[in-house]
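Working notes, structure below.
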Amino acid sequence: MNETTPYSQLIKPSWAPPGWVIGPAWTVLYAIIVVSFGTIFYKAFTKQIPWVVALPFALNLVFNFVFAPIQFRLVNNFLASIDILLVVGTLIWALCAVWHASPELRWVVYANIPYLLWGTFATCVQLTITYLNR
């Protein structure tokens, strides 16, 4: 990330990951998301699972994709904090929904454990950035 961006000027916790970690981490996570979420949407489109099971997956994608513009373009820490809480919240909702809806799709829950762990860590980082830059 360019060192003259507004984001680079924010106070960050010492344990925040360096920029070079974020790209590879999200590359792996997006591969997991494409396969697992894609399976959920396919099953919903083919009426193998109810659409209500796919809803939190769809919302998760929306909140996930709006995080970067909120944080890096708007540099709005408060909105980014709300958004990342929604990312993790909808992911937990999605994983609970699929766990209860279909035993054959429980692999989706296991596959998304890295996403949940990274999202939880990223939430801690974002909330700390918001606190430090209030």
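Throughout, read-outs are computed from the coordinates displayed, never taken from laboratory work. Source: prediction; values computed, not measured. Using ideal geometry, Cβ is built from the backbone for each residue, glycine included, and neighbour counts are taken over all protein chains shown.
Quick notes
- Of the residues S81, S102, S14, the one that moves most in a GNM of the chain with alpha-carbon contacts below 10 Å is S14.
- Kyte-Doolittle at least -0.5, axis length at least 30 Å by Cα - qualifying DSSP helices, the chain: 19-45, 77-101
- Per-selection Rg to Rh, the stretch 35-132 - Cα, Kirkwood hydrodynamic radius: 1.04
- Each of L85, T123, G19 was placed along the dipole of the chain (beta-carbon charges, centred on the mean Cα), and the one lying farthest toward the positive end is L85.
- Residue with peak Gaussian network fluctuation, the chain [Cα springs, cutoff 10 Å], from V53, V108, V34: V34
- V21 paired with T4, simple spin-label distance in nm, labels 7 Å along Cα-to-beta-carbon: 2.8
- When the chain is treated as a Gaussian network with alpha carbon springs shorter than 10 Å, the biggest mean-square fluctuation among L74, L95, L29 belongs to L74.
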